[in-house]
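One structure is given below, encoded as structure tokens.
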Amino acid sequence: MDVQLKLDGAWFDATNAKGAKIKLGAGLGDGVSPMEAVLMAAGGCSGIDIVSILEKMRQPLEGLEIIVSGQRREDYPKYFHSVFIKYILKGDLEAEKVERAIELSLAKYCSVTTGLKAKITYEYVIENGEG
């Protein structure tokens with residue numbers, strides 16, 4: 001896996017091998033800081049897993065929103081010491097299957113969350129159906 005970063009003023013244009021880009025910088029203005037990108041990656045990675053696992057469990061997922069917040073150390077290196085993920089799922093879902101999917105993702109399948117030094121905690125809310 002390769003990515004490329006090119007300095008563009010105060011920002012880096014980060015591009016993957018397929019040509020998709022994000023704007024990385026210090027987190028000022030309209031770009032994404034590297035640590036914000038880590039939180040986005042944690043949410044995206046676990047979300048992809050959860051969608052796949054629930055599909056295999058034949059759970060009718062209609063929507064998923066993920067909110068991720070991280071607390072960083074005050075001293076350098078300022079890595080995340082804790083990360084909290086809130087999953088808001090939509091559909092006629094069984095709570096025990098949702099919880100199992102989340103647990104499998106965070107503990108086994110998601111390379112981003114398993115690779116962090118942070119303590120990962122979560123909660124989930126199931127909103128039934130479209131109404």
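The values are calculated or read from the model by the stated rules, or taken from the named source; none is laboratory data. The shown structure was predicted, so the numbers you read here are calculated from the model rather than taken from an experiment. Neighbour counts run over all protein chains shown; Cβ positions are idealised from the backbone, glycine included. Each accessible area value is taken on the protein alone, full model and side chains, heavy atoms only, with ligands, DNA and RNA left out. Shrake-Rupley method; radii C 1.70, N 1.55, O 1.52, S 1.80 Å.
Some notes on this structure:
- Any hit, region 15-29, residues being touching a Lys or Arg at 6+ places or on another chain (Cβ under 8 Å) and either exposed (fewer than 15 other Cβ atoms within 10 Å of the Cβ) or under 17 Å from Lys119 (Cα atoms) (or both): no
- Pairs with Cβ under 9 Å, 6+ apart, first in region 13-24 and more than 13 Å from Met1 (Cβ to Cβ) and among the basic types (Lys, Arg), second open to solvent by 60 Å² or more (accessible area, probe 1.4 Å) and part of a strand (DSSP E or B): Lys23/Asp8; Lys23/Phe12
- Among the residues of region 25-71, those that are closer than 16 Å to Asp13 by Cα and either touching a Ser or Thr at 6+ places or on another chain (Cβ under 6 Å) or part of a loop (DSSP other than H, G, I, E, B) (or both) comprise Gly25, Ala26, Gly27, Leu28, Gly29, Asp30, Gly31, Ser33.
- If the condition is being open to solvent by less than 70 Å² (accessible area, probe 1.4 Å), farther than 13 Å from Val38 by Cα and aliphatic (A, V, I, L, M), then region 75-119 contributes Ile88, Leu89, Leu93, Ala95, Val98, Ala101, Ile102, Leu104, Leu106.
Matching residues to (1) touching an Asp or Glu at 6+ places or on another chain (Cβ under 9 Å); (2) closer than 21 Å to Leu116 by Cβ; (3) charged (D, E, K, R); (4) modelled with pLDDT of 95 or more:
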site: Ala42; (1), (2), (3), (4): no, yes, no, yes
site: Ser46; (1), (2), (3), (4): no, yes, no, yes
site: Arg58; (1), (2), (3), (4): no, no, yes, yes
site: Val68; (1), (2), (3), (4): no, yes, no, yes
site: His81; (1), (2), (3), (4): no, yes, no, yes
site: Ile85; (1), (2), (3), (4): yes, yes, no, yes
site: Lys90; (1), (2), (3), (4): yes, no, yes, yes
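- Residues in region 93-131 that are among the acidic types (Asp, Glu) and either part of a strand (DSSP E or B) or modelled with pLDDT under 95 (or both): Glu123, Glu127, Glu130.
- Among the residues of region 47-73, those identified as within 21 Å of Glu96 (Cβ to Cβ) and among the polar types (S, T, N, Q) are Ser52, Gln59.
- Restricted to region 30-58, and to residues there that are open to solvent by 50 Å² or more (accessible area, probe 1.4 Å) and among the β-branched types (Val, Ile, Thr), the residue that is nearest to Leu106 (Cα to Cα) is Ile48.
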